[in-house]
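For reference, the structure is listed below as structure tokens.
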């Protein structure tokens, strides 16, 4: 028997809360336990209902979604928060995840992606919406050094994604139609730029950031 995922929706616009609730009403193994329209109620209802997932609007009329998220993740680590916002600015995404959130979606997300995000975050994976994911990870993979800013190339970013998916160098070479030696060269350069000792750590880091 599959576990039912309890979800709390936090948004200061009633119509939006009702829309999210309606979208999730018939979703398998998801139960909306309630809605809140401000940071204080979000915190108290999380304590009362102990939801697995909180869908958190960032801009609340009363209180801040950032503050509510930090408070919830600090006191109730088993509850995972997914940000829902009109903002697609990567600064917002990075800040939201830095305070303990495990996902971020814009309000342009589809029903399918919303449900996918809930299940993914419930199962321990960080989830970033498809419309901002590439920009978010590109920003993360820009590494500053004392001399200059060392950016990964688009090809290197593509290889990091494939490494995080568990592909071997040969499989990556076949997929990208390049030589095995070229892949190994890219691996070496990526590890050097990111100051990581091995590909295993790179893969673990990428997965922890929600690459797969």
What angle do you read, to the nearest 10 degrees and between 0 and 90, between the alpha-carbon axis of helix 39-49 and the longest principal axis of the chain?
90 degrees
What FRET efficiency comes out for the pair residue 67/residue 13, r = Cβ-Cβ distance, R0 = 25 Å, nearest 0.05?
0.85
Stretch residue 3-residue 50 to full length: gain in nm at 0.36 nm per residue minus the Cα-Cα span?
15.5 nm
Just want to confirm a number: the relative contact order over the stretch 5-129, from Cα pairs under 8 angstrom separated by 6+ residues, in percent.
22 percent
Please give the helix 180-194 orientation as an angle from the longest Cα principal axis of the chain, in degrees from 0 to 90, rounded to the nearest 10.
60 degrees
Which values, in whole Å and largest first, are the semi-axes of the equivalent ellipsoid of the stretch 5-129 obtained as the square root of 5 times each eigenvalue of the Cα gyration tensor?
17, 16, 15
Test of understanding: extend the Cα→C-beta vector of residue 89 to 7 Å, then name every residue of the stretch 35-74 with backbone N under 15 Å from that spot.
58-60, 65-66
So for each of 160-167, 186-193 I average, over its residues, the number of other beta carbons within 10 Å; can you give me the resulting order with the highest mean first?
160-167, 186-193
Value of [θ]222 nm, deg cm²/dmol, for the chain, DSSP H segments ≥ 4, -39500 (n - 2.57) each, nearest 500
-15000 deg cm²/dmol
Gain in length, residue 40 to residue 153, computed as 0.36 nm per residue apart minus the alpha-carbon separation, to one decimal in nm?
36.3 nm
Estimated distance in nm for a label pair at residue 182 and residue 199, the labels positioned 7 Å out from Cα along Cα-to-Cβ
1.6 nm
Suppose a student asked you for the relative contact order of the chain, using Cα pairs under 8 Å spaced at least 6 residues apart; what percent would you report?
14 percent
Simple spin-label estimate for residue 174 and residue 135 in nanometres, 7 Å along Cα-Cβ:
3.6 nm
Between 33, 93, 121, which gets the highest mean-square fluctuation from a Gaussian network model of the chain, Cα cutoff 10 Å?
33
Most mobile of 196, 45, 56 in a GNM of the chain (Cα contacts under 10 Å)
196
Label assignment, Cα Rg over 2.2 N^0.38 Å derived from the structure, set (i) 1.06; (ii) 1.01; (iii) 1.14:
(iii)
Treating the angle as unsigned and between 0 and 90°, give the value, to the nearest 10°, between the Cα long axis of helix 111-122 and the longest Cα principal axis of the chain.
80 degrees
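No value in this document is a laboratory result; all are computed from the given coordinates. Note that the structure is a prediction, hence the values are computed from the model and not measured. Glycine also receives a Cβ, built like all others from the backbone with ideal geometry; neighbour counts cover every protein chain displayed.
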